[in-house]
Amino acid sequence: MSAVTGRAEGPVAGRPSGRDARVLTVLTRARLPERTLTRRERATVRALSGEERQRQWLISRFALRLLLGMLGEPADTAGYAFPHPWLSLSHTRGAAAAAAAAYAGPALAGVGVDVGVDAEAGADAVRARTVRPDAGRFFLGDRERDWLAGLPETERADELARLWTVKEALLKADPANARTTLADYLPANAAARQGRAGRSGGEAEGEGGAVFGYATGHCGDTWLTVAAAFHRRSGSGSGAGSGDDEGGVPEPSAPAPSPPPPSVTFDEVAARVGATLSLPVERLTPATTLRELAAESFLLVEMAVDLEEEGDDVRAHARLREVTTLGDLARLLGRP
């Protein structure tokens, strides 16, 4: 797998506000080895019609198995149904991504991930998931369509594919998405590879009781977007916190469902990785790279996001970065 590239700059700014999260994502093109399938996983994949559907299921479940193992969660992927309160899964033909919050403040409402093929990829890859040039009218807002129309024609298809992954990740991150469409999710800046977004009413101001942070990057010929949704503070923003059908989601009295706050040592992380990849723990040190362990069969990516909210003004600081060593992973999972 290729490293993440994008325009994100520097670390996440500001102090954690409760509207912050570190989302861990596994991106892979490898399949879950059939010899490692549990009884339920084997029954699930055999019930799928067609070799291609089975192949794609094995790729997506390999991403999920790796992620669950690193988080110390039960690894039988057949035990997880989607949509899920704190996991997100995405696949395009030949690639898949699984995401979960490794650390989150109490206002986190959900996470979302999406992968899509770069319009400049090879013909076979583009056929796997092509966003038709005229499809933008169905999922872009007026300002986004105007911005796209102003780009050189050679750049439009790739930017359209990127925006599709942004919208999909935002929708998946939103637990109140039952009656929304992709067009309801609007990045504050259509050109930005990272930042904030909102939903409802055609404004990207976090209306509807939720506000979002996201980051996008290139992974080889694939776009990867990771998003996090946060509950807004009660009384901030138009319609937020009213609790009626059209208003939105009030500030929760307890954190949204997510894995318990981690407090793990390097030895515990090494044990998890060793068990997940079937490797002797004695080989593993903080300097051990994930690529050398897994022969580049997957990419581990962290999205760090922090929202600063003052009244109706919301700023999002977000970035994607590759997690390269076991020491990096241990620091991420051991975050207080």
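The values are calculated or read from the model by the stated rules, or taken from the named source; none is laboratory data. Values in this document were obtained by computation on a predicted structure and should not be read as measured data. All Cβ positions, even for glycine, are placed from backbone atoms using ideal geometry, and neighbour counts span all protein chains on display.
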When you scan the range 75-118, how many residues do you find that are closer than 23 Å to residue 48 by Cβ, among the aromatic types (Phe, Trp, Tyr) and crowded, with 19+ Cβ neighbours inside 10 Å?
0
Quick one: how many residues across the range 47-96 are among the aliphatic types (A, V, I, L, M), more than 24 Å from residue 268 (Cβ to Cβ), under 16 Å from the mean Cα position of the chain (by Cα) and modelled with pLDDT of 95 or more?
2
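Do you know which residues across the range 287-312 are touching a residue at least 40 places away in the same chain (Cβ under 8 Å) and under 19 Å from residue 25 (Cα atoms)? Explain how you work it out, then say what you get.
Just the residues of the range 287-312 that are touching a residue at least 40 places away in the same chain (Cβ under 8 Å), to begin with: 287, 296-309, 311-312.
Result: 296, 297, 298, 299, 300, 301, 302, 303, 304, 305, 306.
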Lone unmet requirement of (1) modelled with pLDDT of 95 or more; (2) surrounded by 15 or more Cβ atoms within 10 Å (Cβ to Cβ) for residue 287:
(2)
For the range 33-57, enumerate the residues that are surrounded by 15 or more Cβ atoms within 10 Å (Cβ to Cβ), of a type outside the set (Phe, Trp, Tyr), touching a helix residue (DSSP H, G or I) at 6+ places or on another chain (Cβ under 8 Å) and under 21 Å from residue 83 (Cβ atoms).
41, 44, 45
What about residue 228, is it at pLDDT 90 or above, crowded, with 18+ Cβ neighbours inside 10 Å, touching a strand residue (DSSP E or B) at 6+ places or on another chain (Cβ under 6 Å) and not acidic (Asp, Glu)?
yes
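Of the residues that sit in the range 278-325 and are among the hydrophobic types (A, V, I, L, M, F, W, C) and more than 21 Å from the chain's Cα centre (by Cα), which one is nearest to residue 18 (Cα to Cα)? Break it down into steps so the answer makes sense when it comes.
So the first thing to find is which residues in the range 278-325 are among the hydrophobic types (A, V, I, L, M, F, W, C), and the list is 279, 281, 284, 287, 290, 293-295, 298-301, 303-305, 307, 314, 316, 318, 320, 323.
With more than 21 Å from the chain's Cα centre (by Cα) added as a condition, the list becomes 279, 281, 284, 287, 293-295.
On the way: 279: 37, 281: 35, 284: 34, 287: 31, 293: 35, 294: 35, 295: 37 Å.
Within the range 278-325, the match that is nearest to residue 18 (Cα to Cα) is 287.
Check the range 245-259 and report whether any residue there is at pLDDT below 95, part of a strand (DSSP E or B) and farther than 23 Å from residue 113 by Cβ. Spell out the reasoning first.
Step one: list which residues in the range 245-259 are at pLDDT below 95, which gives 245-259.
Among the residues that remain, those that are also part of a strand (DSSP E or B) are: none.
No, the conditions are met nowhere in the range 245-259.
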